[in-house]
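Peer 1: Let me give you the structure first, and then I'll get to my questions.
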Amino acid sequence: MTTGKKSKPSYIYAIVGVSLVLFLIGILGWLMINGRALTRAFKEDIEVSIDFHDQTRDASVQALKTICDKQAWVREARIISKEEAIKMQSALENENIEAFLGSNPLFTSIALKVQEAYVNKDSLAKIKEFFMQSNVVRDVNYPTLVVNSMNANFRKISIILLVIAIVLFMVVAILIDNTVRLAMFSNRFLIKTMQMVGATRNFITRPFDQRALINGCISGVLATIGILLVKSFAEAQLPALKTLHNNNLFIILLIVMILMGMTITFLSTHRSVIKYLKTPIDDLY
């Protein structure tokens with residue numbers, strides 16, 4: 001009875017310790033999910049402008065718009081008339097450009113937004129080539145420098161975050177292992193006593209393994225609650241985060257955290273019990 005009572009605080013400390021390290025890796029995972037959504041939002045906001053020759057008939061413009069709508073890589077396409085284009089540009093520059101120049105220098109166009117996977121130098125070059133085959137298309141423009149630098153920067157950030165995630169996972173595994181081993185240290189005499197009275201290895205390890213799975217699950221749930229609170233607070237302060245949120249990936253992250261806590265806690269506990277079973281009694285002191 002005395003041994004059991006002394007071991008309970010160790011379990012509590014272990015649960016809290018494992019929860020904290022799972023919380024840290026969960027926060028990083030959440031940031032990576034939001035970063036991935038932010039990358040997609042930036043890429044899908046890139047606009048390709050398909051400019052038409054002057055005097056191009058509305059029917060021809062509409063026909064090309066229909067072709068755009070049928071392409072799998074097109075996310076959104078809308079027609080911008082000469083008049084609408086000059087109004088938008090004048091509002092942007094806060095000046096009546098048509099009155100200043102005496103004419104409207106802009107063209108009727110289709111503003112095209114493509115799927116994320118196609119926002120790269122090679123795909124956009126092929127898209128431009130595709131539309132330039134039409135004799136009514138004057139030019140196809142998109143922010144080349146922005147696309148190139150954006151992809152390069154996102155690639156670097158992804159690599160950095162991946163390295164941080166791997167390092168943090170290793171640190172988390174080591175911290176959880178040390179926390180569990182410290183908790184099991186208080187039970188070393190109980191383990192050895194059970195062995196000395198003739199209990200089999202499976203009989204001794206089973207209750208500790210079961211307790212480890214329960215503790216790991218509790219730790220994962222506590223870490224999950226912590227992340228949900230942080231997420232709610234962050235979204236309350238920055239409502240734009242709600243539009244970036246991916247519910248499916250976030251749920252997977254929470255499940256992985258719980259499973260990670262259960263797995264590492266179970267393996268560390270089982271290894272510690274086996275270690276004390278193999279340790280001579282004199283070495284336990």
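Peer 1: Say whether the condition of being of a type in the set (A, V, I, L, M, F, W, C), under 30 Å from A59 (Cα atoms) and surrounded by fewer than 18 Cβ atoms within 10 Å (Cβ to Cβ) is met by at least one residue in region 131-154.
Peer 2: Yes, region 131-154 contains at least one residue that is of a type in the set (A, V, I, L, M, F, W, C), under 30 Å from A59 (Cα atoms) and surrounded by fewer than 18 Cβ atoms within 10 Å (Cβ to Cβ).
Peer 1: Still on this structure, please answer the following. Among the helices (runs of 4 or more DSSP H) contained in region 1-97, which hold 3 or more residues that are modelled with pLDDT of 85 or more, under 20 Å from the mean Cα position of the chain (by Cα) and assigned by TED's automatic domain parsing to the domain that holds V221?
Peer 2: Where helices (runs of 4 or more DSSP H) fall fully within region 1-97 and carry at least 3 residues being modelled with pLDDT of 85 or more, under 20 Å from the mean Cα position of the chain (by Cα) and assigned by TED's automatic domain parsing to the domain that holds V221, they are 2-44.
Peer 1: Continuing with the same structure: For residues that are part of a helix (DSSP H, G or I) and surrounded by fewer than 15 Cβ atoms within 10 Å (Cβ to Cβ), scanning just region 195-213, find the one that is modelled with the lowest pLDDT.
Peer 2: R201
Peer 1: Out of K192, K242, K231, K275, report the one residue that is in a helix (DSSP H, G or I) and loosely packed, with under 13 Cβ neighbours inside 10 Å.
Peer 2: So the residue among K192, K242, K231, K275 that is in a helix (DSSP H, G or I) and loosely packed, with under 13 Cβ neighbours inside 10 Å is K242.
Peer 1: Can you find a residue that is modelled with pLDDT of 80 or more and touching a His at 6+ places or on another chain (Cβ under 7 Å) anywhere in region 214-230?
Peer 2: no
Peer 1: Looking only at region 138-164, how many residues end up being closer than 20 Å to I127 by Cβ, touching a helix residue (DSSP H, G or I) at 6+ places or on another chain (Cβ under 8 Å) and of a type in the set (A, V, I, L, M, F, W, C)?
Peer 2: Residues in region 138-164 being closer than 20 Å to I127 by Cβ, touching a helix residue (DSSP H, G or I) at 6+ places or on another chain (Cβ under 8 Å) and of a type in the set (A, V, I, L, M, F, W, C): 4 in total.
Peer 1: Can you tell me which of D209, D177 is more than 30 Å from V119 (Cβ to Cβ) and touching a His at 6+ places or on another chain (Cβ under 6 Å)?
Peer 2: Exactly one of D209, D177 is more than 30 Å from V119 (Cβ to Cβ) and touching a His at 6+ places or on another chain (Cβ under 6 Å), namely D209.
Yes/no per residue for (1) closer than 23 Å to Y11 by Cβ; (2) in contact (Cβ under 8 Å) with a residue 60 or more places away in the chain:
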{"position": "K192", "(1), (2)": "yes, yes"}
{"position": "C217", "(1), (2)": "yes, no"}
{"position": "G220", "(1), (2)": "yes, yes"}
{"position": "L228", "(1), (2)": "no, no"}
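Peer 1: Take V167 and decide whether it is assigned by TED's automatic domain parsing to the domain that holds I27 and crowded, with 17+ Cβ neighbours inside 10 Å.
Peer 2: Against the criterion (assigned by TED's automatic domain parsing to the domain that holds I27 and crowded, with 17+ Cβ neighbours inside 10 Å), V167 does not qualify.
Peer 1: Go through region 224-255 and give me each residue that's aliphatic (A, V, I, L, M), under 19 Å from L28 (Cβ atoms) and more than 17 Å from the chain's Cα centre (by Cα).
Peer 2: Selection gives I225, L229, L238.
Peer 1: Restricting attention to region 117-175, report how many residues are more than 24 Å from the chain's Cα centre (by Cα) and small (G, A, S).
Peer 2: 3
The values are calculated or read from the model by the stated rules, or taken from the named source; none is laboratory data. Owing to the predicted nature of the structure, the values given are computational and were not obtained by experimental measurement. All Cβ positions, glycine included, derive from the backbone under ideal geometry; neighbour counts span all protein chains shown.
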